[in-house]
Amino acid sequence: MNPAQYVQEKAAASGSSFYYAFLFLPKPRRAAITAFYAFCREVDDVVDEVRDPGVAATKLAWWRTEVAQSFAGQPHHPVMLALMPLAAEHGIEARHLQQIIEGCQMDLEQTRYLDFPGLQRYCHLVAGVVGEAAAHIFGQTDPQTTAYAHKLGLALQLTNIIRDVGEDALRGRIYLPVNELQQFDVKAHELLNRVHSARFVALMKFQAERAHRCYDEALALLPAADRRNQKPGLMMASIYRALLREIERDGFQVLNQRVSLTPLRKFWLAWRVQALGRI
């Protein structure tokens, strides 16, 4: 298996909504975003799949070194072998990859966030930076598009957090800010034990409203000159916002199940943005 095949399989196997947004890109940009996304999957899997924190930390340290060596002209991992020939042309910098690793490192060291500003820092590293690099790959021409990409990354990550409350609790992680748990009188042990209550629903409505605001703010920040090039990001906004609305309609039953959209619906939402230019 060559590096291009490796990253293609890594991206497709994840089943992520991101994959549907890639389908409509021209081949060179699709190759770049696929390799970049495969990198994100590799480092994220270190945190999610390696049970020993010490081993996971060692693996992330290896990735830091691999990124540095790759940008110095000596890539070794198939993902970096696929990514490096495309990096300069598409604005992918070493700092992007190192910051994403830094965000994954936070998952090894921190399972609670005292307030939203603290959570926002984490979201910036694992999603905002991803959005920034992706915007370059998609063909950013206006510097203001970076602010849009950061805000959209935050909206997508907040949606992930809402969707994954139950799964994260099984790993002992709570991404909902402590002061907001206190505000709605939801105890951490209730989340860890998957106790669904009216208080929990009120808390989650608060989280969903914040995520919706972030989507609205992101769309308002996107310059008209870049709207066409940034269609893949708009596809992601459409898919993830549809997911958020599905979770809301379902009464935030996220503690004991994972709410998802069908592949056909994801493809239709992506196609609608591609064909009609709206979400």
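The values are calculated or read from the model by the stated rules, or taken from the named source; none is laboratory data. This structure is a prediction, so every number in the text was calculated from the model and none was measured. Quick reminder, even Gly has a Cβ in these numbers, built from the backbone with ideal geometry, and neighbours come from all protein chains shown. SASA here: full protein model, heavy atoms, side chains in, ligands and nucleic acids out. Shrake-Rupley method; radii C 1.70, N 1.55, O 1.52, S 1.80 Å.
For the reader, a short list of remarks on this structure follows.
- Size of charge dipole - segment 127-271 - debye, nearest 20, with Cβ of Lys, Arg +1 and Asp, Glu -1, no other charges: 320 debye
- Partner lysines whose Cα lies under 22 Å from the Cα of residue 205, excluding those fewer than 8 positions away in the same chain, are identified as 151, 187.
- Those GluC sites (Glu not before Pro) in segment 1-110 that DSSP places in a loop and that have at most 13 other beta carbons within 10 Å: 89
- Helix-only arithmetic for the chain: the sum of -39500 (n - 2.57) across DSSP H runs with n ≥ 4, divided by the residue total, places the mean residue ellipticity at 222 nm at -22000 deg cm²/dmol.
- Residue 199-residue 68 FRET efficiency (beta carbon distance; Förster radius 35 Å; 0.05 resolution): 0.15
- Zero-based 5 Å bins, Cα pair distances in the chain, whole percents: 1, 6, 12, 16, 19, 17, 14, 9, 4, 1, 0, 0
- Cα-based reach from residue 27 at 20 Å (exclusive), listing lysines while leaving out same-chain residues under 8 positions away: 10, 231
- For residue 108, net neighbour charge (Lys/Arg +1, Asp/Glu -1) across residues whose Cβ lies under 15 Å away: -3
- Protection proxy ranking of 198-211, 254-267, by the mean of other Cβ atoms within 10 Å over each peptide's residues and highest first, is 198-211, 254-267.
- Using the 1.4 Å probe convention, the accessible area of segment 111-278 works out to 43 Å² per residue with neighbouring protein chains retained.
- Carbon + sulfur, % of accessible area of segment 111-278 - ligands and nucleic acids excluded, 1.4 Å: 53 percent
- Sorted on the mean count of surrounding Cβ atoms within 10 Å across their residues, most packed first, peptides 233-239, 75-81 read 233-239, 75-81.
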